[in-house]
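These notes concern the structure reproduced below.
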Amino acid sequence: MSDTRQADVLITGARPYGEGDPVDVLVADGVIAEIGAPGTVEAPESAERIEARGQVLLPGFVDLHTHLREPGREDTETVESGSRAAALGGYTAVFAMANTDPVADNALVTGHVRRRGEEVGLVDVHPVGAVTVGLKGERLAEMGTMAASEAQVRVFSDDGVCVADPLVMRRALEYSTALGVVVAQHAEEPRLTQGAQAHEGERASRLGYAGWPSSAEESIVARDCILARHAGARLHICHVSTTGTVDVLTWAKELGVEVSAEVTPHHLLLTDERLETYDPVNKVNPPLRAERDVDRLRQALADGVLDCVATDHAPHAEQDKCCEWGAARPGMLGLQTALSVVAQTMVRPGLLDWRGVARVMSERPAEIARLPDQGRPLAEGEPANLVLVDPDAEWTVRGAEFASVSENTPFEGMRLPAVVTATLLRGRITAREGKSD
Ligand code: DOR
């Protein structure tokens, strides 16, 4: 990654993981140089100072699931605008999904995304490689070439569509073991979701939406856990949305399957009650589910059955969202609201403390993607990939104010807790007080 180091930074009065007494933290040469009691850490005159009394210091967040839309749909997001949104949201690394145009199923496209990320320099942008050529689910993409290329692809996914053919998935998992990479599955049995528009249930029936059954997700997760076990492979499940998937993951983990799973902030907060609005800003894949699913997802994230939070940040143009439900594209923005939604759904109800937030938003995703320099402990000598959070502040979501090119947030107008006040990437301040560098 590019060299983004800069002048020393002295952070004063923050509480690491929101625990214990406040400390001062000196950041120099891209690492945490010293941590000490307030007033005891000496910094050069030239050092930038961040007064952080009452704030929580955490390792920078890592998003395993971001759509940056470059190349192809720069009218909705670019590597630059998405990087800004990520830095403002407290992220120091994001994984850019492969469903671009052209698809990131080769070393040229993944190399371009990686290079653009480095040029922008606000967050480490790791390109995700497609599992199959053109996301068509038929022929495996050149996974080995992408893994060995300058882009160093470590996560492969056809996200947006499912790798539905069991033989193709089996081969992808087998290759992944040899390459030391992980396949992230968008779990959706396409035969069960043909024409589907919304979570299958009483509400969809009453309102006239074609139903999207939970079993479409659960059947693929069960199948792929069995395939991963057979291949001796690691498997990652994207955007888990149902109670039944939590049951399957519990069973698979007890069996010793090396499966990890993510949940999105929107599936932790919103339900299919939103269907009553008929507003396509609420259309997403997988769909918003029932209240009992939301409750179970929160509990599973607290328990560790779900490993991490990933945004599925999915920018869309106004014409693709401000239209009839059936014609609208699925997806919602997430990078600048993720921390606050996690604070609202997990921290406020006492399901996670701030150390737990560090686990699900930084440490576990970094482990899953095997990033050596992210999700590290807050300790001297560690890389200064950091985020400062004001846990007591509240703010009102305004999509038009986001750094993203698009504005499709389902949280518009909501008042949410916790504000990212600063983000540091290898010691360089990439966002501060709501402004990116
Ligand atoms: O809602 C979604 N939008 N889910 C996906 O899996 C893909 C994403 C997109 O690319 O817009």
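Rule-based calculations on the coordinates, nothing more; no lab input. Note that the structure is predicted; figures quoted are calculated from it, not measured. Using ideal geometry, Cβ is built from the backbone for each residue, glycine included, and neighbour counts are taken over all protein chains shown.
Observations on the structure shown:
- Within the stretch 313-420, GluC sites (Glu not before Pro) in DSSP loop having at most 12 other beta-carbon neighbours inside 10 Å: E324
- For the options T396, T264, T100, a Gaussian network treatment of the chain with springs between C-alpha atoms closer than 10 Å singles out T396 as fluctuating the most.
- Listed values for the stretch 161-172 are Karplus-derived 3J(HN,Hα) couplings in whole Hz (6.51 cos²θ - 1.76 cosθ + 1.60, θ = phi - 60°), namely 9, 8, 7, 7, 6, x, 6, 5, 5, 4, 5, 4, and x replaces Gly and Pro.
- Highest GNM mean-square fluctuation among V419, V397, V360, for the chain modelled with Cα contacts below 10 Å: V397.
- DSSP-defined beta bridges in the chain - what % are antiparallel, rounded to 5: 50
- Qualifying GluC sites (Glu not before Pro) in the stretch 13-67, DSSP loop, other Cβ atoms within 10 Å at most 16: E19, E42, E45
- In order through the stretch 103-116: 3J(HN,Hα) via Karplus (6.51 cos²θ - 1.76 cosθ + 1.60), integer Hz, x for Gly, Pro: 5, 7, 10, 8, 5, 5, 5, 4, x, 4, 5, 4, 5, 4
- Shown in residue order for the stretch 64-74 are the 3J(HN,Hα) couplings computed by the Karplus curve 6.51 cos²θ - 1.76 cosθ + 1.60 at θ = phi - 60°: 6, 8, 10, 9, 9, 6, 10, x, x, 10, 5 Hz (x for Gly and Pro).
- Among G18, G72, G350, the residue with the largest mean-square fluctuation in a Gaussian network model of the chain, with springs joining Cα atoms closer than 10 Å, is G350.
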